[in-house]
Each structure stands twice: as structure tokens, then as C-alpha cells.
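Below is one structure, written out as C-alpha cells, with a few remarks after it.
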Amino acid sequence: MVMVIPVKQRYTHGSLQLKRGCLLPKEPPKLKLRDYLVRPMLPKVPKVFGHLTAAAPPGGWSMLGNNNKGDCVMAGAAHETMLWAWATNRSIPKFDTAGVVGQYLNLTGGADTGLDPVSAAQWRQNVGITDADGKVHKIDAYVQIENVDELKLAGYLFGCAGQCWSLPDTAEDQFSAGQVWNDLSGPPDPDEGHYTPFGGVNSVGNLEFLTWGQIQGASEAYTAKYMVTNGCIAYLSQEYLLATGLSPEAINWGDLEADLQEVTAAA
């Protein structure tokens, strides 16, 4: 069950338009990352890590319709798929606005109502997102993230993670001004969420996210205050692998799958 509301235009400044569109889930994913964290030998998360860089992939990240539609969850899925390829030196899948918006509207029944990230994750596992060349990209599994430490661990282990936000009204102003999200003065928006892929931590300690076609930094305190843990998700995808069968951090995929099966059996 989700809170279904029409997506409204959150921000317009000159030619710049920004929308949100993440429905706030009442039910989290069934599997939780913390159940996996009891396993020994997990690597220590570095203070600085990630595959987001100032130099975007060829063609850029693009808003993928999130300036006109509340398709942030679907745009985020496309960006995460691109990021996995970018991180593993593979050919980056092409996603265009028409294709991403079309798949978003297909899931909403044609209405611009936003998406529940948990339901979208299930769809990505069972059906998959299709790129502009017709290739389908699926995830293998998804689990809930419950705090910032888990978010960082998931981003390090699995290349990126999905962050559901209940942002304050100042978020778009800080974004348009090129500022780090660090204004803790406003209350979370109780009705309308936003979704961004998380990609790492930079040299000054800010977490880095992809939103509205750009990299957006956020302080750890800001992330903790405005994250909606029911919709924060770690994705396991075989697209985040090198030719050796290892992730860029030398995490063995076979071991991860075996642990996931045990967690699933115990759920």
C-alpha cells in the first residue's frame, strides 16, 4: 500500500524545471541488508569511494523526463544501470527520455502519479528496464537499507543504491544554486518523496547522489534526517561485475548469492 498523490511541479526557475515523484512506501522490502551484515569478512568501507565523477559518461546523465514528469524512480533505475556499466568499463546503455517516460507511464497506468520504489524494484527484478536499443536490464535481488551506514556499505559493495527521500522545500533551491544539501532547518515533506541513486562519498565527506541529471552532494546529517528507510534499497545486479566475475571491490558474486539464498530461506 502506498500514498497515491498527483505529482506536482515542485520547482520552476526560468527554464529550469524539477519534479519529484517517489511514492512513500508503507511496506519496506521483505529482505533487510542488516540480516546479511552478520556475515564475517565484509570489507571496511573506505572514507572516500564511488564511481561518480565530475566527468559524466558520454552523452551525460540526462534528466530522462524528470523535469516534466514525476518519473524519478524510473530515471533512477536507468541511471543505476548506466552507473554499473560506467564502473565496470563496459559499453554504457543508452536511455532516452521517451523510453524512460513511456515505461514509467506504463507502470502508473498512464497517469503522472509517481512510483513506489519497492514495487518498482520488484518490477526490475521480474521484468526489467529496457534501454533505447531494446536490451532488457534486470536486477537479481533487492534488500532494504535502514540507515546511512548501511547505505554507504551498499553503495560500496554493489556499486550504487537507491535512496528514497522526504526532502524539505529548500532542496530544489540548493540544487539550482549548486549547493550541497545541508540545510536541516525545514521539516520533511510528509506527502511527496523523491528518489535518487547513491553513488559514493567524496573527499570532503559528503554523500553523492544522481538527481535531475547531475551529481548532488549531501551531508551525512542531511541524508540521515530526510531518508525514508522503507524505500531505501540495495540492489544486487550481475551488471556490476568485471570480466573476472568479481565486483570492482573484489567481492565474489557467488558468495553474495549464496548468502542471499540463506537469508531468503530464513525470511
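The values are calculated or read from the model by the stated rules, or taken from the named source; none is laboratory data. What you see is a predicted model, and the numbers here were worked out from it, not measured in a lab. Please note: Cβ atoms are built from the backbone with ideal geometry, for glycine as well, and neighbour counts cover all protein chains shown.
Observations on the structure shown:
- In the set (1) at pLDDT below 95; (2) in contact with a strand residue (DSSP E or B) (Cβ under 7 Å, 6 or more places away or on another chain); (3) not aromatic (Phe, Trp, Tyr), Ile251 fails one condition alone, (2).
- If the condition is being under 14 Å from Arg20 (Cα atoms), assigned to a helix (DSSP H, G or I) and hydroxyl-bearing (Ser, Thr, Tyr), then the stretch 95-118 contributes only Tyr104.
- All of (1) aliphatic (A, V, I, L, M); (2) more than 24 Å from Ser62 (Cβ to Cβ); (3) out of contact with any helix residue (DSSP H, G or I) (no Cβ under 9 Å at 6 or more places or on another chain) hold for Leu153 with one exception: (3).
- Listed by first and then second residue, the pairs linking a residue in the stretch 180-201 that is closer than 19 Å to Gly114 by Cβ to a residue that is part of a strand (DSSP E or B) and of a type in the set (Phe, Trp, Tyr), with Cβ atoms under 7 Å apart and 6 or more places separating them unless they lie on different chains, are Gly193/Trp165; His194/Trp165; Thr196/Trp165; Thr196/Phe209; Pro197/Phe209.
- Residues being modelled with pLDDT under 95 and assigned to a helix (DSSP H, G or I) - total across the stretch 120-148: 3
- Every condition in (1) assigned to a helix (DSSP H, G or I); (2) closer than 23 Å to Ser219 by Cα holds for Cys164 except the one numbered (1).
- Residue in the stretch 185-232 that is surrounded by the fewest Cβ atoms within 10 Å (Cβ to Cβ), counting only those that are part of a loop (DSSP other than H, G, I, E, B) and of a type in the set (D, E, K, R): Asp191
- The residues of the stretch 167-187 that are more than 21 Å from His79 (Cα to Cα) and more than 19 Å from the chain's Cα centre (by Cα), listed by number, are Asp169, Thr170, Asp173, Gln174, Ala177, Gln179, Asn182, Asp183, Leu184, Ser185, Gly186, Pro187.
- The sole residue among Thr88, Thr81, Thr108 that is surrounded by fewer than 19 Cβ atoms within 10 Å (Cβ to Cβ) and of a type in the set (Val, Ile, Thr) is Thr88.
- Within the stretch 60-78, tally of residues that are surrounded by 24 or more Cβ atoms within 10 Å (Cβ to Cβ), in contact (Cβ under 8 Å) with a residue 60 or more places away in the chain, in contact with a Lys or Arg (Cβ under 9 Å, 6 or more places away or on another chain) and outside any helix (DSSP H, G or I): 2
- The residue list Ala75, Ala54 contains one member that is on the phi < 0 side of the Ramachandran plot, at pLDDT 95 or above and not hydroxyl-bearing (Ser, Thr, Tyr), which is Ala75.
- Residues that are touching a Lys or Arg at 6+ places or on another chain (Cβ under 7 Å) and either in a strand (DSSP E or B) or modelled with pLDDT under 90 (or both) within the stretch 13-44 comprise Leu18, Lys19, listed in sequence order.
- Residue satisfying all of: in the stretch 150-164; within 17 Å of Ala75 (Cβ to Cβ) and not hydrophobic (A, V, I, L, M, F, W, C); surrounded by the most Cβ atoms within 10 Å (Cβ to Cβ) among these: Gln163
- Screening Val204 with (1) under 19 Å from the mean Cα position of the chain (by Cα); (2) within 21 Å of Val48 (Cβ to Cβ); (3) aliphatic (A, V, I, L, M) gives one miss only, at (1).
- So Gln144, is it touching an Asp or Glu at 6+ places or on another chain (Cβ under 9 Å) and over 16 Å from Pro197 (Cα atoms): no
- Residues (surrounded by fewer than 17 Cβ atoms within 10 Å (Cβ to Cβ), closer than 15 Å to Lys225 by Cα and of a type outside the set (S, T, N, Q)) located in the stretch 165-179: Asp169
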